[in-house]
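K.L.:
Okay, handing you the structure first.
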Amino acid sequence: MVNQGFPQFSRMQDNAHVEILKNYTIPDFILKMIAKTCDSEFAEKGRYHVKLESMNVKSIELLYDIFIQYKNDDAGKFTQYRFYTYVSSLYPKCDILINELIQGKHKNHKVEIAVKSSGSLIAIGKNKTIGNSINKKDITKFFDVINDIKKGEYGTTLSDAIHCSSVGFKTDALIELESLKESRENDPENTIHFKTVNFEDEMFSIINLQNYLGSKVK
């Protein structure tokens with residue numbers, strides 16, 4: 001149960017953070033994850049501002065750091081929270097599942113984020129937060145996972161695959177993805193829309209080989 005007297009924050013800064021966060025739509029599942037991380041209570045029901053106000057000071061400060069200040073941590077968790085929120089914004093009113101195990105045709109795959117609509121799988125996403133840029137091997141592995149799931153029992157309604165990176169994409173990765181996509185175009189009834197997304201300058205932006213090479217020329 002949430003304390004009925006909560007939250008009357010003792011510090012002005014905490015109230016200011018809540019007021020700013022009220023202007024942003026952070027999905028419930030993210031709020032719950034942050035609350036759990038910070039050992040905070042969380043109001044399951046009520047309007048958005050009620051849910052924010054039910055969270056403790058530590059969780060409010062963490063939300064502020066992640067979504068307002070765009071701070072990063074060494075493990076890349078802050079960027080991952082932003083990625084989850086980005087994917088959620090693309091699929092309003094859909095169920096978002098984190099670290100979901102999905103059976104493909106040949107094996108089971110643990111995916112970072114899955115999107116379901118009325119119980120049917122419609123999208124899968126992956127994000128690289130730290131390390132080297134996405135390379136040809138990374139993109140091939142992602143494609144193979146998506147392809148295997150699509151061919152499986154639970155992938156018949158899968159239509160979108162999103163690979164995001166906070167560390168960029170190598171040119172050979174984007175070239176390889178174009179080649180792999182062409183290999184699937186002989187099967188129009190089972191089309192998958194592959195999206196490569198770059199997170200840079202506090203923004204998520206979809207990129208493809210053509211505009212990526214164009215930006216390199218400039």
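K.L.:
Once the Cα atoms of the range 12-67 are picked out, what are the Rg and Dmax in Å?
P.N.:
9.8, 27
K.L.:
When the C-alpha atoms of the range 77-217 are aligned to their principal axes, what extent does each axis show, in angstrom, from largest down?
P.N.:
43, 35, 23
K.L.:
Which value at 222 nm does the chain reach when only helices count, each DSSP H run of 4 or more adding -39,500 (n - 2.57), with the total divided by all residues and rounded to the nearest 500 deg cm²/dmol?
P.N.:
Helices in the chain give a 222 nm mean residue ellipticity of -12500 deg cm²/dmol.
K.L.:
Compute the acute angle (0 to 90°) between the alpha-carbon long axis of helix 57-67 and the principal axis of greatest extent of the alpha-carbon atoms of the chain; round to the nearest 10°.
P.N.:
Roughly 40 degrees between the two axes.
K.L.:
So how do Ser133, Ser118, Ser59 line up by other beta-carbon neighbours within 10 Å, fewest first?
P.N.:
Sorted ascending by nearby Cβ count, the order is Ser118, Ser133, Ser59.
K.L.:
Quick one: which residues, 5 or more positions from Gln103 or on another chain, have an amide H under 5 Å from its amide H? H modelled 1.01 Å from N in the peptide plane, none for Pro or chain starts.
P.N.:
Close amide H contacts, sequence-distant or interchain: His109.
K.L.:
Further question on the same structure: Return an integer: the convex hull volume of the alpha-carbon atoms of the range 55-146, in Å³ per residue.
P.N.:
So the per-residue hull volume is 128 Å³.
K.L.:
A further question on this structure: I'd like the Kirkwood hydrodynamic radius of the range 1-156, using the inverse of the mean 1/r over distinct C-alpha pairs, in Å.
P.N.:
17.4 Å
K.L.:
I want to make sure I understand the PRE zone here: with the label point 7 angstrom from the Cα of Thr156 toward its beta carbon, which residues in the range 100-120 have backbone N atoms less than 13 Å away?
P.N.:
120
K.L.:
Next question. Taking the 0 to 90 degree range and rounding to the nearest ten, how far is the long axis of helix 28-37 tilted relative to the main principal axis of the chain, both from C-alpha atoms?
P.N.:
Between helix and principal axis, roughly 70 degrees.
K.L.:
Springs between alpha-carbon atoms under 10 Å, Gaussian network over the chain: tell me which of Ala114, Ala35, Ala123 tops the mean-square fluctuations.
P.N.:
Largest GNM mean-square fluctuation: Ala35.
K.L.:
Continuing with the same structure: Where nothing but the Cβ of Lys and Arg (+1) and of Asp and Glu (-1) is charged, how large is the charge dipole of the range 144-185 around its Cα centre, in debye to the nearest 20?
P.N.:
Here the range 144-185 has a charge dipole of around 80 debye.
K.L.:
Using a 10 angstrom Cβ neighbour count of at most 16 plus a DSSP loop assignment to flag exposed chymotrypsin sites (Phe, Trp or Tyr not before Pro), which longest range of the chain is free of such sites?
P.N.:
In short, 71-153.
K.L.:
In the neighborhood of Tyr70, defined by Cβ-to-Cβ distances under 13 Å, what is the net charge if each Lys or Arg adds +1 and each Asp or Glu adds -1?
P.N.:
-3
K.L.:
Quick one: of Lys51/Lys116; Lys32/Lys136; Lys32/Lys126; Lys110/Lys181, which pairs are farther than 30 Å apart, Cα to Cα?
P.N.:
Beyond 30 Å between Cα atoms: Lys32/Lys136.
Where a number appears in this text, it was derived from the coordinates with a stated rule and is not lab data. Since the model is a prediction, treat every value here as computed from it, not as a measurement. Don't worry about glycine lacking a Cβ; one is built from the backbone with ideal geometry, like all the others, and counts go over all protein chains shown.
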